[in-house]
Amino acid sequence: MPPQPPQSQVRSNISKFLRSFLGIARILQIVFGAGLWITVAANKYEGSIHFVLFVAVLFWLLTLALFFLTLLDKHDLVPLLGGERWLCTNLTHDVAAAALYLPAIGVMIYKTESYSYCNLELYQHLCLYKVYLTAAVFACLCCLSYLLSVIYGGCRKSRGEPTVI
């Protein structure tokens, strides 16, 4: 077992990561992703919304795992993906997330438009318009945060910067 770094160094690394661009982006991805899937899952949904829920929960869990592995500086323990490949792993994750969030946004916009008829004050029945509109906004914010991470990671990769923070 390798020697453990001093407690002050661990706190310094955690603080440094949380103040970095990638740390802030990961926190935003986790918050927006949770907002999306909680908004959808807390209400009645059907059909193509299942895809949106799948994308939101899958990438929320993967982002959570990447966040904590990087936060705790344990990415070297991940076989095949850690160590020197960690930046590429993060970049691949962000590209896949952005690519799958784009059709999810399309689904949410379509569903929002299909329920726009019930956005009237006098409409008495259950209306999912505001729920789908909120979910579409969360999906857009989530995709934007992943796209920013892709640009940031691509710039770091092209400059040959270190794999961590």
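Annotations for the structure displayed:
- Shape call, region 107-162: gyration tensor on alpha carbons, a/c limit 1.5: prolate
- Global form of region 21-110, assessed from the alpha-carbon gyration tensor, a/c cut-off 1.5: prolate
- Total lysine pairs whose alpha carbons fall under 30 Å of each other in the chain (8 or more apart, or interchain): 6
- Taking Ala99, Ala56, Ala135 as the candidate residues, the one with maximal mean-square fluctuation in a Gaussian network model of the chain, Cα springs under 10 Å, is Ala99.
- A 1.4 Å probe over all protein chains sorts Thr92, Thr39 by accessible area into Thr92, Thr39, starting with the largest.
- Candidates per GluC sites (Glu not before Pro) in region 45-141, loop by DSSP, up to 11 other Cβ within 10 Å: Glu46, Glu121
- Carbon + sulfur, % of accessible area of the chain - ligands and nucleic acids excluded, 1.4 Å: 69
- Assigned charges on the beta-carbon of Lys, Arg, Asp, Glu; the chain dipole about Cα centre (debye): 360
- Taking a ≥ b ≥ c as the square roots of the eigenvalues of the alpha-carbon gyration tensor, the chain is classed prolate because a/c is 1.5 or more and a/b outweighs b/c.
- Over the chain, dividing the summed -39,500 (n - 2.57) contributions of all DSSP H runs of at least 4 residues by the number of residues returns a 222 nm mean residue ellipticity of -25000 deg cm²/dmol.
- Accessible surface calculations at 1.4 Å, restricted to protein heavy atoms, place the chain at 58 Å² per residue.
- Only helices reaching 30 angstrom along their own axis (Cα) with mean Kyte-Doolittle hydropathy no lower than 1.6 count here, and for the DSSP H runs of the chain these are 49-71.
The values are calculated or read from the model by the stated rules, or taken from the named source; none is laboratory data. All of these numbers come straight from a predicted model, not from anything done at the bench. All Cβ positions, glycine included, derive from the backbone under ideal geometry; neighbour counts span all protein chains shown. Accessible surface areas use protein heavy atoms only, side chains included; no ligands, DNA or RNA. Shrake-Rupley method; radii C 1.70, N 1.55, O 1.52, S 1.80 Å.
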